[in-house]
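Working notes for the structure below.
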Amino acid sequence: MKNTRGFLKCLTYCLVVSVMLFFTSAVNASPIVSLELSSTTLFIGQTFELNVIADTVDDGDLLAFGFDLDYNLAEFAFNGATVGLLFQDDSSLFAYTDVAGSAFPGIGGDGILLASLSFTPLGAGNFFLGIISDLSDSNEGLVLFSSQGNVDISQQIAVMVDIAPAPVPEPATLLLLGSGLLGLAGLRKKFRTL
């Protein structure tokens, strides 16, 4: 009888823990990754940043990330990537992953900057920039403490690039032009009186 009571107590405990784990994992939302441009107006030759942001990450859950860049070499020049301050830059450790970072212990929260990607547009028009996480590569995607596998973070954003407007003359240039015209008018008046 004593063994049966111990067995039932253990079984009840295991059942309660299983139910709690089931409901807490069902309540937790999956992290969301988004791409944000540093400027809404882009011109040919103007460098800009594309920020990779993670939201709704449970506390201490995000351990690492990795992704490849998705862009057309004829449309943009890639200037480099800066991994977010909360992460160690692991990009050079993985030959087939463009940008990677890790954090130990893990981090969580909203608005987590994974990386800033610097680009320069080479032409005008409507284009796409993006990131790809190939989940067949264990170094790509979001690596979460609570997940059995990496989470896909592939994203794409539409980018419109305009031709740079003509430069506006500076006030000093206008002052120089104005004083030159006044000087010519004065010379003309002087020669007319002679």
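Quick notes on this one:
- Distance histogram in 10 Å bins (all Cα pairs of the range 77-129, percent per bin): 21, 42, 27, 9, 1
- Dipole of the range 33-162 [Lys/Arg +1, Asp/Glu -1 at C-beta], most positive-end residue of 145, 66, 105: 66
- Applying the Karplus relation 6.51 cos²θ - 1.76 cosθ + 1.60 with θ = phi - 60° to the range 141-146 yields 3J(HN,Hα) values of x, 8, 9, 10, 4, 8 Hz, where x marks Gly and Pro.
- Placing one equal scatterer on every Cα of the range 39-194 and applying the Debye formula, the log10 ratio I(q)/I(0) at q = 0.13, 0.15, 0.19 Å⁻¹ is -0.68, -0.83, -1.12.
FYI, it's all coordinate maths here, none of it is from the lab. Quick caveat, the model's predicted, so the values are computed rather than measured. Note that each Cβ is placed from the backbone with ideal geometry, even for glycine, and that neighbours are counted across all protein chains shown.
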